[in-house]
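Working notes for the structure below.
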Amino acid sequence: MENDGLGNFCKAKFTVLGFPDDLAVKNVNGRPGAAEGPGKFLEFLHRLKGRIPVLESIGNQRLVTMGADLEENHRVSAELTEKEYLKLDPRTDALIAVGGSHDYAYSWIRGIKKSLAGSTRIGCINLDAHFDLREYLPVMTSGSPFRRLIEEDLIQPRNLIEFGIQSHCNAKSLWEYAEQQKIETVPMEKLRFGRAVPEFKKALERLRRKCEVVVISLDLDSMSVALAPGVSAPQPEGFTATEIYSILEIAGADPKVTSLGIFELSPPLDLQDQTSRLAAQAAWKFMEQKLRGKKR
């Protein structure tokens with residue numbers, strides 16, 4: 001039912017998949033803890049209330065069972081993502097993926113891509129301080145997902161937008177790789193002084209003109225450590241909560257955006273569950289907009 005302003009909302013169904021694993025953080029000598037992220041995310045998501053029936057619209061939620069073999073974990077996660085995404089109506093529904101470390105952007109997008117017709121173009125906006133274009137051999141790291149997606153031909157480099165990248169925390173080789181692949185990069189310097197939300201609107205419009213399906217990947221270290229301390233690689237500068245909420249409301253209102261990923265929530269590193277609350281509320285804002293939308 002379409003939103004008539006009196007409490008009736010569009011029918012939409014959400015699936016939430018959690019990837020409780022941070023083996024790839026350890027592979028890059030990062031600070032572990034993200035394996036606890038999905039469980040804490042669900043705890044705080046279910047504390048939220050509101051006029052819009054977000055929780056009632058979650059049809060399935062599942063934490064993937066993880067083992068000691070990272071490649072097997074990714075295989076299982078990708079297959080489950082593909083299976084669950086196929087159950088959704090892309091005109092109204094959405095899949096929410098929750099990490100775990102950011103390497104699970106690989107299995108998340110891999111699963112969605114495998115569920116689509118071969119000619120369907122998938123695009124991604126990565127909200128992140130880091131490119132996450134590191135080498136994935138000999139071992140996968142939390143900084144490797146987008147390079148692997150590109151080199152396994154699961155996403156075209158021209159359909160990836162790196163949004164919020166910070167100059168001081170990315171090696172020269174990663175900048176060079178992004179340039180060689182012609183990956184669009186929107187640096188944090190361009191997003192200061194209130195420009196983040198309007199620039200995101202422009203980036204999303206550029207991407208949706210080229211792609212039939214768009215996904216948004218939120219690495220929580222894209223936010224200021226003052227607001228999101230519970231991450232493996234915190235940054236002093238970053239997006240505010242208001243900016244992230246506004247960005248995800250814009251994404252949720254767009255019919256081409258069919259999935260949101262939230263990664264690097266690390267509860268052991270958090271302060272008074274601040275980052276867990278923020279992650280849950282960010283997903284809520286995205287889902288609210290799906291429910292506010294019209295049938296497509």
Checklist entry - Is at least one residue of region 41-48 hydrophobic (A, V, I, L, M, F, W, C), in contact with a Phe, Trp or Tyr (Cβ under 9 Å, 6 or more places away or on another chain), part of a loop (DSSP other than H, G, I, E, B) and buried (at least 16 other Cβ atoms within 10 Å of the Cβ)? => result no
Next on the checklist: Out of the residues in region 80-111 meeting the condition of being over 12 Å from Leu149 (Cα atoms) and touching an Asp or Glu at 6+ places or on another chain (Cβ under 8 Å), tell me which one is surrounded by the fewest Cβ atoms within 10 Å (Cβ to Cβ).
Outcome noted: Leu95
Checklist outcome for this item: Here the residues within region 1-29 that are modelled with pLDDT under 95 and of a type outside the set (A, V, I, L, M, F, W, C) are Glu2, Asn3, Asp4, Gly5, Gly7, Asn8, Lys11, Asn29
Checklist entry - Which residues, taken from region 211-239, are in contact with a strand residue (DSSP E or B) (Cβ under 7 Å, 6 or more places away or on another chain) and in a loop (DSSP other than H, G, I, E, B)? => result Cys211, Val225, Pro236, Glu237, Gly238
Next on the checklist: Can you pull out every residue in region 34-72 that is without any contact (Cβ under 8 Å) to a residue 12 or more places away in the chain and either in contact with a His (Cβ under 9 Å, 6 or more places away or on another chain) or farther than 22 Å from Leu278 by Cα (or both)?
Outcome noted: Leu55, Thr65, Gly67, Asp69, Glu72
Item to check | Contacts under 6 angstrom Cβ, first residue in region 243-265 being part of a strand (DSSP E or B) and crowded, with 23+ Cβ neighbours inside 10 Å, partner at pLDDT 95 or above and of a type in the set (Ser, Thr, Tyr), 6 or more apart | outcome: Gly261/Ser217
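Would you say Ser224 is more than 30 Å from Leu86 (Cα to Cα), surrounded by fewer than 23 Cβ atoms within 10 Å (Cβ to Cβ), modelled with pLDDT of 95 or more and over 15 Å from the mean Cα position of the chain (by Cα)?
yes
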Checklist entry - If you check Ser115, Ser144, Ser119, which single one turns out to be crowded, with 23+ Cβ neighbours inside 10 Å and either out of contact with any strand residue (DSSP E or B) (no Cβ under 8 Å at 6 or more places or on another chain) or farther than 26 Å from Lys11 by Cβ (or both)? => result Ser144
Checklist entry - What residue, of Arg75, Arg31, is surrounded by fewer than 22 Cβ atoms within 10 Å (Cβ to Cβ), under 21 Å from the mean Cα position of the chain (by Cα), part of a loop (DSSP other than H, G, I, E, B) and in contact (Cβ under 8 Å) with a residue 12 or more places away in the chain? => result Arg31
Checklist entry - Of (1) surrounded by fewer than 23 Cβ atoms within 10 Å (Cβ to Cβ); (2) at pLDDT 95 or above, Leu127 satisfies all except one. Which? => result (1)
Checklist entry - What helices (runs of 4 or more DSSP H) lie completely within region 101-206 and have 2 or more residues being in contact (Cβ under 8 Å) with a residue 60 or more places away in the chain and under 30 Å from Asp69 (Cα atoms)? => result 104-115
Next on the checklist: Going by what's in this entry, would Ala97 be described as under 30 Å from Pro236 (Cβ atoms), assigned to a loop (DSSP other than H, G, I, E, B) and in contact (Cβ under 8 Å) with a residue 40 or more places away in the chain?
Outcome noted: no
Checklist entry - Hey, does region 25-35 have a residue that's over 30 Å from Arg292 (Cβ atoms) and among the basic types (Lys, Arg)? => result yes
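The values are calculated or read from the model by the stated rules, or taken from the named source; none is laboratory data. Treat the numbers as computed from the prediction; the structure is a model and nothing was measured. Quick reminder, even Gly has a Cβ in these numbers, built from the backbone with ideal geometry, and neighbours come from all protein chains shown.
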